[in-house]
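S.K.: Questions regarding the structure given below will be posed in turn.
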Amino acid sequence: VADFDPAIKGALPSDFQWGYATAATQIEGSWDVDGKGVSIWDKFSQEADIRVDDKSTCKDTCRSYDLFKEDVARMKAYGVTGYRFSFSWTRIIPLGGKDDPINEAGIEFYNKLIDELLANGITPFGTIFHWDTPQTLEDRYGGFLNKEQMVPDFLRYARVCFERFGDRIKNWITVNEPGVFSLAGYAGGAHAPCRSSINEKCKEGDTSREPWLVGHTLLVAHGYACDLYKREFQPTQKGSIMITLSGNWSEPWDAADPKDIEAAERSNQFEIAWFADPLYGKNPEVDYPACMREQLGDRLPHFTEEEKKLIRGSSEYYGMNSYTSFYKRHRDTPAPPEDLKGNVDILDNNKQGQSRGPETDTVWLRSTPWGWGKLLRWIWKRYEMPIYITENGTTAKGEHGWKPQSADDVLEDPFRVEFYKGYLTEVATASQEGVIIKSFFAWSFMDNWEWSNGFTNRFGVTWVDFASAEKKRYAKRSAYFMKDFFNHMIRK
Ligand code: PNW
């Protein structure tokens with residue numbers, strides 16, 4: 001506690017929300033219990049042998065479907081003010097569609113979770129869609145590739161969430177990271193539903209088109225959900241609604257080369273402005289960024305007049321997930337049709353040979369607090385929207401091998417502590433400069449099932465013994481650090 005920087009003492013407003021984020025597929029387990037239907041990640045898990053690093057599935061994960069009370073108690077002990085979790089679509093509507101039945105047992109689970117949070121003074125932030133499309137909708141009509149059919153099904157699911165939970169959930173997030181869902185599921189192919197024309201493990205897909213179509217459907221589905229909430233629920237429930245966007249920072253490989261400066265800016269637009277410009281842009285004409293339209297042409301969908309009106313202004317805050325930064329170098333060759341990032345080379349070192357940051361257990365993630373600070377200011381300048389940081393965090397190199405010696409053993413995780421110290425100091429200084437930042441949700445409350453990386457990537461401030469039947473939890477040092485650091489930074 002003693003060595004916290006006095007310059008950032010009280011830097012964050014007294015109503016600042018801080019806590020941890022999770023997602024249903026990654027922590028709940030009980031994938032076929034109490035009437036739950038099959039999601040695209042449950043289906044993905046059937047092929048874990050070829051698709052997941054450690055061949056693990058999302059069948060049990062952290063078992064928080066059973067252990068949620070223990071988890072809420074632990075969060076309270078960690079000192080959080082809020083918790084961001086996601087609803088499982090197939091727990092609530094097993095078959096997913098607008099005319100399919102509601103599963104009351106699924107509703108009951110989330111009622112108990114929300115009530116437990118509120119009874120412990122923790123503000124719930126509810127994500128409606130964190131990537132777990134009902135498999136039935138995938139089979140019926142191609143899921144998010146089919147805008148006409150998906151939007152009404154999504155809207156009915158959102159309606160059920162507002163109707164059943166909106167009396168207590170006052171902070172709604174429609175969609176988690178439309179960008180990563182589209183790119184990893186429909187271009188890279190490493191995520192469900194594994195569609196790609198550039199990944200040999202995938203049988204079907206058209207990487208030149210599908211990620212842009214899916215992104216568009218998500219944006220439109222989000223727009224209709226906000227419209228519904230604002231018309232029918234907000235007047236009485238008095239909550240707010242937003243979308244969460246992903247976006248890592250792009251820095252020029254050669255800071256003296258105007259072409260690299262342009263390439264890095266173009267890359268930021270492909271990654272972030274892709275969704276943020278239609279939602280929050282200052283250009284009165286609602287469209288994707290000009291550089292995307294230029295490179296992708298009509299492969300990038302066009303907004304109808306109704307969609308333009310729905311989407312601009314739909315999200316009431318800027319929900320921001322970000323983890324790392326990359327160096328970007330321009331290319332002199334034309335962009336191939338499968339290019340996703342603005343025709344750039346993506347590099348770990350800049351022209352001077354300087355590394356973007358120390359490695360972690362996650363291939364794409366390095367600790368880069370320098371880029372995180374630039375990103376916060378870039379978003380603020382471009383959109384002038386108050387920011388809810390809805391995810392940020394890290395794995396640490398080699399942490400997988402740790403074994404607790406006793407029930408109260410604490411993992412000393414200096415890397416994660418340094419990571420958060422660096423990133424949160426940027427949050428504090430940006431806030432002091434006038435960037436409006438309203439929350440920080442660290443990813444994640446506990447180690448969990450990191451999608452195609454399985455249990456090999458540990459993002460938690462709680463270490464989970466996945467080998468034990470009861471998925472025993474152990475605090476890491478970072479959990480205590482976060483409590484003390486926020487106590488220092490949040491004004492009394
Ligand atoms: C996010 N990238 O995914 C998700 O919202 C979480 O479910 C996930 O566990 C967490 O971040 C950690 O990965 C991302 O390649 C996946 O930049 C990939 C990237 C970013 C975010």
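S.K.: Residues being surrounded by fewer than 24 Cβ atoms within 10 Å (Cβ to Cβ), free of Cβ contacts under 8 Å to residues at least 60 places away in the same chain and assigned to a helix (DSSP H, G or I): count how many of those fall in region 166-183.
M.R.: Selection size over region 166-183: 1.
S.K.: So, one more: Counting just the residues of region 324-346 that are open to solvent by 20 Å² or more (accessible area, probe 1.4 Å) and within 16 Å of the ligand (Cβ to nearest atom), which one comes out farthest from Pro386 (Cα to Cα)?
M.R.: The qualifying residue farthest from Pro386 (Cα to Cα) is Ile346.
S.K.: Out of all the residues in region 190-235, which are within 16 Å of the ligand (Cβ to nearest atom) and part of a helix (DSSP H, G or I)?
M.R.: Passing the criteria: Pro211, Val214, Gly215, Leu218, His222.
S.K.: Evaluate the following for Lys472: is it at pLDDT below 95 and surrounded by fewer than 20 Cβ atoms within 10 Å (Cβ to Cβ)?
M.R.: Working: at pLDDT below 95: no; surrounded by fewer than 20 Cβ atoms within 10 Å (Cβ to Cβ): yes.
No, not satisfied.
S.K.: Additional query: Mind checking which residues of region 356-411 are within 18 Å of Ala475 (Cβ to Cβ) and either in contact with a strand residue (DSSP E or B) (Cβ under 6 Å, 6 or more places away or on another chain) or among the acidic types (Asp, Glu) (or both)?
M.R.: Hits for region 356-411 are Gly393, Glu399, Trp402, Pro404, Asp408, Asp409, Val410, Leu411.
S.K.: For Tyr474, only one of the following conditions fails: (1) within 14 Å of the ligand (Cβ to nearest atom); (2) in contact with a Phe, Trp or Tyr (Cβ under 6 Å, 6 or more places away or on another chain); (3) over 18 Å from Met320 (Cβ atoms); (4) not in a helix (DSSP H, G or I). What is its number?
M.R.: The one condition Tyr474 does not meet is (1).
S.K.: Does region 236-250 contain at least one residue that is touching a Phe, Trp or Tyr at 6+ places or on another chain (Cβ under 7 Å), assigned to a helix (DSSP H, G or I) and not charged (D, E, K, R)?
M.R.: Checked region 236-250: no residue is touching a Phe, Trp or Tyr at 6+ places or on another chain (Cβ under 7 Å), assigned to a helix (DSSP H, G or I) and not charged (D, E, K, R).
S.K.: Would it be correct to say that Trp364 is within 15 Å of the ligand (Cβ to nearest atom), outside any loop (DSSP other than H, G, I, E, B) and either in contact with an Asp or Glu (Cβ under 8 Å, 6 or more places away or on another chain) or open to solvent by 20 Å² or more (accessible area, probe 1.4 Å) (or both)?
M.R.: Details: within 15 Å of the ligand (Cβ to nearest atom): yes; outside any loop (DSSP other than H, G, I, E, B): no; either in contact with an Asp or Glu (Cβ under 8 Å, 6 or more places away or on another chain) or open to solvent by 20 Å² or more (accessible area, probe 1.4 Å) (or both): yes.
No, not satisfied.
S.K.: While we're looking at this one, here's another question. Got at least one residue in region 384-396 being closer than 26 Å to Arg491 by Cα, modelled with pLDDT of 95 or more and surrounded by fewer than 19 Cβ atoms within 10 Å (Cβ to Cβ)? Talk me through it step by step, then tell me what you get.
M.R.: So in region 384-396, the residues closer than 26 Å to Arg491 by Cα come out as 384-393.
From what is left, the residues that are modelled with pLDDT of 95 or more are 384-393.
Filter once more, keeping what is surrounded by fewer than 19 Cβ atoms within 10 Å (Cβ to Cβ): 384, 386.
Among the residues of region 384-396, at least one is closer than 26 Å to Arg491 by Cα, modelled with pLDDT of 95 or more and surrounded by fewer than 19 Cβ atoms within 10 Å (Cβ to Cβ), which makes the answer yes.
S.K.: Working only within region 409-437, note down all residues that are closer than 20 Å to Tyr480 by Cβ, open to solvent by 10 Å² or more (accessible area, probe 1.4 Å) and of a type in the set (A, V, I, L, M).
M.R.: Correct list: Val410, Leu411, Val417.
S.K.: Ok, one more. Please work out which one of (1) closer than 21 Å to Gly313 by Cα; (2) within 15 Å of the ligand (Cβ to nearest atom); (3) of a type outside the set (D, E, K, R) is the condition Val180 fails and give its number.
M.R.: (1)
A quick yes/no check of all residues on (1) in contact with a helix residue (DSSP H, G or I) (Cβ under 8 Å, 6 or more places away or on another chain); (2) in contact (Cβ under 8 Å) with a residue 40 or more places away in the chain:
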| site | (1), (2) |
| --- | --- |
| Tyr383 | yes, yes |
| Glu391 | no, yes |
| Ala396 | yes, yes |
| His400 | yes, yes |
| Leu424 | yes, yes |
| Ala469 | no, no |
| Phe481 | yes, yes |
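S.K.: Hey, among the residues in region 236-268 that are within 16 Å of the ligand (Cβ to nearest atom) and open to solvent by 10 Å² or more (accessible area, probe 1.4 Å), which one's farthest from Ser325 (Cα to Cα)?
M.R.: Ser246
S.K.: Out of (1) more than 23 Å from the chain's Cα centre (by Cα); (2) surrounded by fewer than 15 Cβ atoms within 10 Å (Cβ to Cβ), the odd one out for Cys291 is which?
M.R.: Failed condition: (2).
S.K.: Within the set of pairs 6 or more residues apart or between chains, which connect a residue that is more than 22 Å from Phe85 (Cβ to Cβ) inside region 120-143 to a residue that is in a loop (DSSP other than H, G, I, E, B) and charged (D, E, K, R) with Cβ atoms less than 8 Å apart?
M.R.: Matching pairs, first to second residue: Thr136/Asp100.
S.K.: A follow-up question, please. Output yes when any residue across region 192-213 is over 30 Å from Asp53 (Cα atoms), touching a residue at least 24 places away in the same chain (Cβ under 8 Å) and in contact with a Phe, Trp or Tyr (Cβ under 8 Å, 6 or more places away or on another chain), and no when none is. First the steps, then the outcome.
M.R.: Going through region 192-213, the residues over 30 Å from Asp53 (Cα atoms) turn out to be none.
No, because not a single residue in region 192-213 is over 30 Å from Asp53 (Cα atoms), touching a residue at least 24 places away in the same chain (Cβ under 8 Å) and in contact with a Phe, Trp or Tyr (Cβ under 8 Å, 6 or more places away or on another chain).
S.K.: Please find, within region 297-323, the residue that is nearest to Ser355 (Cα to Cα) out of those that are crowded, with 21+ Cβ neighbours inside 10 Å and among the polar types (S, T, N, Q).
M.R.: Of everything passing the filter in region 297-323, Ser322 is nearest to Ser355 (Cα to Cα).
S.K.: Right, next: Limited to region 438-463, what total is found for residues that are within 20 Å of Gly10 (Cα to Cα) and either open to solvent by 10 Å² or more (accessible area, probe 1.4 Å) or more than 17 Å from the chain's Cα centre (by Cα) (or both)? Quick ask: steps written out before the conclusion?
M.R.: Within region 438-463, the subset within 20 Å of Gly10 (Cα to Cα) is 438-442.
Next, from what is left, pick out any that are either open to solvent by 10 Å² or more (accessible area, probe 1.4 Å) or more than 17 Å from the chain's Cα centre (by Cα) (or both): 438.
Looking only at that region, the number is 1.
So that you can scan it fast, the table gives a plain yes or no per residue for (1) acidic (Asp, Glu); (2) on the phi > 0 side of the Ramachandran plot:
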| position | (1), (2) |
| --- | --- |
| Gln26 | no, no |
| Gly35 | no, yes |
| Ser45 | no, no |
| Asp49 | yes, no |
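The values are calculated or read from the model by the stated rules, or taken from the named source; none is laboratory data. These numbers come from a predicted model, not from an experiment. Neighbour counts run over all protein chains shown; Cβ positions are idealised from the backbone, glycine included. Only protein heavy atoms, including side chains, enter the accessible area calculation; ligands, DNA and RNA are left aside. Shrake-Rupley method; radii C 1.70, N 1.55, O 1.52, S 1.80 Å.
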